[in-house]
Amino acid sequence: MTNKFAHYEQNRRIVEIGIFLALFWGLGYAFLYVPNVEFILFIAFLSGLFLGWVRGVFVAFLGELVFSVANPMGSGLAYPPMLVSQLLGFILLASVGFGLRPVIRRIRHEKKILIFLFGAAGLLLTFIYDSLTSLAFPLASGFSGPQIWATYLSGLPFYGIHILSNTLIFAILGPVLVQFVTKKYPHYLAS
């Protein structure tokens, strides 16, 4: 009987990876043509939070690799430093999601604190991600210091809208999902 349960558990863990990857790609491609609004950073964060570090990083890395390489707006293979910075950013997102798991577990019933925590995570992680990807081109191209800053600062309107939209996505959806998971699937946030 125990062997059957172990097989079920292994299959469940594989299916969860598939579900998160489907969410990643489905939402990624669905919002591809909506400027500055996307859900894939949030999905990468949630994969670390709910699936743990190994599976979360796997989802974030593979999700972004396929999304970037097979992007109809331009493949990430066209500029490898950008692809590397994107992948590093997504590994960071899943890692932070996993790192905040004990905190979120403790405060999962405190909605106002969750809203603040998720909003702050969305703001900070989107800023870091935008900085990584924006600096990949000028640094790899050998730009001088002033050129790097000029390139980086020219993207501020884009970063601002992207940061605002992700802050709202994290702050609104994060607490709702944590409370839903706590009620319906408590094993995801179990010790």
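What follows is calculated from the coordinates using simple rules that are stated; it is not laboratory data. Note that the structure is predicted; figures quoted are calculated from it, not measured. Here Cβ is always computed from backbone atoms with ideal geometry, including for glycine, and neighbour counts include all displayed protein chains.
Counting neighbouring Cβ atoms within 10 Å and putting the fewest first, the residues GLU110, GLU16 line up as GLU110, GLU16. Against the chain, whose longest principal axis comes from its Cα atoms, helix 156-184 is set at around 0 degrees. Taking the Cβ of LEU164 as the centre, find all other residues whose Cβ is under 15 Å away and add up their charges (Lys, Arg: +1; Asp, Glu: -1). In short, -2. Rounded to the nearest 10 degrees, the inclination of helix 145-154 to the longest alpha-carbon principal axis of the chain is 60 degrees.
Remark: region 2-189 projects, on average over all directions, an area of 11.6 nm² (convex hull of Cα atoms).
Number of Lys-Lys pairs in the chain with C-alpha atoms under 21 Å apart and a separation of 8 or more places or on different chains: 4. Taken about its Cα centre, region 2-189 carries a charge dipole of about 860 debye when Lys and Arg each add +1 at the Cβ and Asp and Glu each add -1 at the Cβ. Each Cα pair under 8 Å and six or more residues apart adds its separation to the average, and for region 1-129 the resulting relative contact order is 23 percent.
Packing, as the average of other Cβ atoms within 10 Å across residues, places the peptides 57-64, 101-108, 168-175 in the order 57-64, 168-175, 101-108, highest first. Counted by Cβ distance under 10 Å from GLY48, the other residues give a net charge of +2, where Lys and Arg count +1 and Asp and Glu count -1. If R0 equals 30 Å, the separation of the Cβ atoms of GLU9 and VAL103 corresponds to a calculated FRET efficiency of about 0.70.
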